[in-house]
Amino acid sequence: TAPTYDNILLSNPAPGVTLITLNRPKALNALSSPLFTELNAALRDAATDDSVGAVVLTGSDKAFAAGADIKEMMNKEFAEVYKSDFLAHWTEVTKFRKPIVAAVSGYALGGGCELAMMCDIILASPTAVFGQPEINLGVIPGAGGTQRLTHAIGKSRAMEIVLTGKNFSAQDAAAWGLVSRVVEEGSVVDEAVKVAGQIAKKGRVAVQSAKEGVNAAYELSLNEGLHVERRLFHQLFATNDQKIGMKAFAEKKKPEWTHK
Ligand code: HXC
């Protein structure tokens with residue numbers, strides 16, 4: 001039986017696609033610990049389910065997520081957050097090896113912006129509002145905002161966003177390369193499902209390898225990254241799908257992937 005969740009909704013809007021909808025509408029999807037526990041559990045299921053090729057992560061029209069849950073955090077003390085490694089469970093999203101497409105409408109602030117940046121592709125509604133307002137709460141981004149935003153949009157822009165706490169628009173996010181595109185209002189989930197559906201039709205081993213390769217560009221020097229890429233490329237010659245894909249091309253047929 002499918003697990004039941006209180007803070008997220010799960011559906012299967014297209015073959016091979018799991019749609020995870022953050023669902024704390026009254027709190028604008030503030031990312032509480034229970035929500036993250038459920039998100040991680042859903043991703044763990046998607047990781048081991050061979051029928052899942054890609055995931056779409058979204059929120060509501062008004063908010064992808066308005067940040068970490070401030071009310072949950074406000075009374076915490078240093079020793080507690082340090083000893084329990086508060087926020088460690090957020091990083092599980094980045095360990096998920098299948099592609100995640102974020103469909104962002106409305107607020108993606110603080111931890112919400114950071115969660116979107118943990119995804120592999122971000123599509124934005126024209127209503128999307130991004131920002132790292134933590135400075136206004138007496139703290140700083142704690143789930144990758146100072147790092148991933150800087151990688152994505154460059155130091156000067158990231159500094160301005162993180163130091164002033166001012167929000168930025170979907171159009172700015174697209175112009176700066178944080179999101180891949182801004183889609184028509186009301187269509188961001190459909191568009192994200194379309195992209196995820198296209199990915200889910202590819203061979204899973206090649207897809208995971210491609211994700212691993214692109215991510216290596218964020219972790220490693222150019223030479224090390226190129227080495228990882230070459231090794232991943234070589235490894236794919238040990239798969240059925242490489243034989244199937246290249247044979248299908250030569251025979252002018254459609255490949256039927258085996259995901260092996
Ligand atoms: C807890 C939140 C919340 C949050 C909104 N709510 N954001 N609760 N944590 N991050 C709650 C409000 O308290 C309110 O609850 C309800 O959601 C609706 O929000 P309103 O403020 O009434 O809505 P609105 O006036 O439309 O303003 C929307 C908003 C504002 C501009 C997005 O809610 C806002 O500024 N939110 C906080 C944004 C923020 O600072 N995010 C960063 C969080 S720190 P009630 O009960 O009053 O109806 C962070 C740290 C990351 O993310 C570090 C590592 C993860």
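Listed by Cβ neighbour count within 10 Å, with the fewest neighbours leading, Leu236, Leu9 appear as Leu9, Leu236. Under a model in which nothing but the beta-carbon of Lys, Arg (+1) and Asp, Glu (-1) is charged, region 116-176 shows a dipole of about 100 debye around its Cα centre. Annotation: the residues Cys119, Cys113, sorted from fewest to most other C-beta atoms within 10 Å of their own C-beta, follow the order Cys119, Cys113. If R0 is taken as 35 Å, the Cβ-Cβ distance between Asn12 and Ala79 corresponds to a FRET efficiency of 0.20. To the nearest 20 Debye, how big is the dipole of region 89-152 about its Cα centre, given +1 on the beta carbon of each Lys and Arg and -1 on that of each Asp and Glu? Dipole size: approximately 200 debye. Ranking Ala248, Phe36, Ala174 by Cα position along the charge dipole of the chain, where only Lys, Arg, Asp and Glu carry charges on their C-beta atoms, puts Ala248 farthest toward the positive end. Compactness of the chain was expressed as the Cα radius of gyration divided by 2.2 N^0.38 Å, which yields 1.05. The magnitude of the dipole of the chain, with charges of +1 and -1 set on the Cβ of Lys/Arg and Asp/Glu and taken from the Cα centre, is near 880 debye.
Just the Kirkwood number for region 66-152, please: inverse of mean 1/r across all distinct Cα pairs, in Å, one decimal. One over the average 1/r among Cα pairs gives 13.8 Å for region 66-152.
Tally the DSSP beta bridges in the chain and give the antiparallel ones as a percent, rounded to 5.
Working: 8 of 29 bridges.
Bridges in the chain are about 30 percent antiparallel.
Classify region 54-101 as rounded, prolate or oblate from the Cα gyration tensor: take a ≥ b ≥ c as the square roots of its eigenvalues, call it rounded if a/c is under 1.5, otherwise prolate when a/b beats b/c and oblate if not. Verdict is oblate for region 54-101. Counting other Cβ atoms within 10 Å as a rough exposure proxy, the listed residues Tyr107, Tyr82 run Tyr82, Tyr107 from fewest neighbours to most. To the nearest ten degrees, helix 204-219 and the longest principal axis of the Cα atoms of the chain are 50 degrees apart. Among Ala47, Ala65, Ala108, the largest mean-square fluctuation in a Gaussian network model of the chain (Cα springs under 10 Å) belongs to Ala47.
Once you have a ≥ b ≥ c as the square roots of the Cα gyration tensor eigenvalues for region 161-260, tell me rounded if a/c is under 1.5, and otherwise prolate or oblate according to whether a/b is larger than b/c.
Oblate is the answer for region 161-260, as a/c is 1.5 or above yet b/c matches or exceeds a/b.
Along the axis of the charge dipole computed for region 13-158 (Cβ charges of +1 for Lys and Arg, -1 for Asp and Glu, origin at the Cα centre), the listed residues Ala79, Ala158, Val55 are led at the positive end by Ala158. Principal semi-axes of the equivalent ellipsoid, √(5λ) from the alpha carbon gyration tensor of region 19-110, are 24, 18, 9 Å from largest down.
Is the shape of region 1-67 rounded, prolate or oblate, going by the alpha carbon gyration tensor and its root eigenvalues a ≥ b ≥ c, with a/c under 1.5 for rounded and a/b larger than b/c for prolate? In terms of gyration-tensor shape, prolate.
Each reported figure results from applying straightforward, stated rules to the coordinates on display, with no laboratory input. Remember, predicted model here, so these are calculated numbers, not experimental data. Glycine also receives a Cβ, built like all others from the backbone with ideal geometry; neighbour counts cover every protein chain displayed.
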